[in-house]
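K.L.:
Here you go, one structure.
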């Protein structure tokens with residue numbers, strides 16, 4: 001999985017494997033039990049997805065700025081959402097709303113057959129595309145467009161949808177792109193704080209489960225360069 005040097009992939013000092021292993025132990029302590037998720041996060045070079053000046057903090061369990069008012073999510077949240085996404089069976093196709101720097105996209109790409117990811121900010125889209133190309137990730141299709149309307153091909157249906165920005169309304173256009181039995185994992189802002197939700201499609205009805213409080217940037221419409 002690399003078009004980069006082994007040294008860049010493996011890291012040194014605060015980006016070394018030992019530092020990554022400590023992060024994985026913290027994730028275990030916080031309740032992440034899916035071994036597939038833990039293994040992929042152990043092997044994935046998060047330091048390549050943040051600014052070089054912040055690389056020494058890449059394996060702290062915290063969100064970090066990636067520019068343009070966006071962040072790379074806290075590792076626990078990445079692990080938690082990915083574990084929820086895998087909990088009820090192995091999905092084939094996943095739609096991600098909010099590519100950001102591409103870190104969550106790369107985690108998903110190592111766990112499912114095909115990832116479709118949308119980013120509204122052009123500079124982040126280009127950055128993520130370049131990094132995933134360098135890492136020789138071939139099962140991801142990226143689009144620079146408004147993710148609030150879902151994948152441009154409206155007839156497409158996904159096993160899972162994962163949102164990395166907080167919606168203030170349930171995004172029904174996205175729910176329409178779920179297959180029967182499909183699930184959407186998203187942060188939802190009720191106006192009284194954000195919580196993590198899982199919405200499951202049952203025919204024309206949808207079941208909602210609520211999990212822990214979270215903090216995400218808001219889901220915004222439109223496209224920016």
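K.L.:
How big is the antiparallel share of DSSP beta bridges in the chain, given as a percent to the nearest 5?
P.N.:
Just about 45 percent of them are antiparallel.
K.L.:
I would also like to ask the following. Going by the alpha-carbon gyration tensor, a ≥ b ≥ c the square roots of its eigenvalues, is segment 144-225 rounded (a/c under 1.5) or, if a/c is not under 1.5, prolate (a/b greater than b/c) versus oblate?
P.N.:
Cα axes put segment 144-225 in the oblate bin.
K.L.:
So what is the calculated 222 nm ellipticity per residue for the chain, using -39500 (n - 2.57) for each DSSP H run with n of 4 or more, over all residues, to the nearest 500 deg cm²/dmol?
P.N.:
-8000 deg cm²/dmol
K.L.:
For the chain, what does the relative contact order come out to in percent, with C-alpha contacts under 8 Å and a separation of six or more?
P.N.:
16
K.L.:
Given springs between every Cα pair under 10 Å in a Gaussian network model of the chain, which of 206, 49, 158 has the largest fluctuation?
P.N.:
With Cα springs under 10 Å in the chain, the top fluctuation among 206, 49, 158 is at 206.
K.L.:
Order by neighbour count: 71, 105, fewest other Cβ atoms within 10 Å first, most last.
P.N.:
By the 10 Å Cβ count, ascending, the order reads 71, 105.
K.L.:
Taking every alpha carbon pair in the chain, what does the distance histogram look like in 5 angstrom bins from 0, in percent?
P.N.:
That works out to 1, 7, 15, 19, 22, 18, 11, 5, 2, 0, 0, in percent per bin.
K.L.:
Output the relative contact order of segment 33-115, whole-number percent, from Cα pairs under 8 angstrom with separation of 6+ residues.
P.N.:
29
K.L.:
Looking at the chain as a GNM with Cα springs under 10 Å, which of 43, 139, 153 has the largest mean-square fluctuation?
P.N.:
153
K.L.:
Moving to a separate point now. Could you state the angle between the C-alpha long axis of helix 75-86 and the longest principal axis of the C-alpha atoms of the chain, as a value from 0 to 90 degrees rounded to the nearest 10?
P.N.:
50
K.L.:
What's the center-to-center distance, using Cα atoms, between segment 187-225 and segment 133-167 in Å?
P.N.:
If you average the Cα positions of each part, the centres end up 16 Å apart.
K.L.:
Could I ask something else about it? Once the Cα atoms of helix 17-29 and of the chain are each reduced to a long axis, what angle between those two axes, in degrees from 0 to 90 to the nearest 10, is obtained?
P.N.:
With rounding to tens, the tilt is 40 degrees.
K.L.:
Then there's this: Out of 72, 32, 118, any idea which swings most in a Gaussian network model of the chain, alpha carbons joined below 10 Å?
P.N.:
Result for the chain, Cα springs under 10 Å: 32 fluctuates most.
The numbers here are math on the coordinates, done by the rules we state, and not lab data. The structure presented is a predicted model; accordingly, all values stated were derived computationally and were not measured. Backbone-built Cβ (ideal geometry, glycine too); neighbour counts: all protein chains shown.
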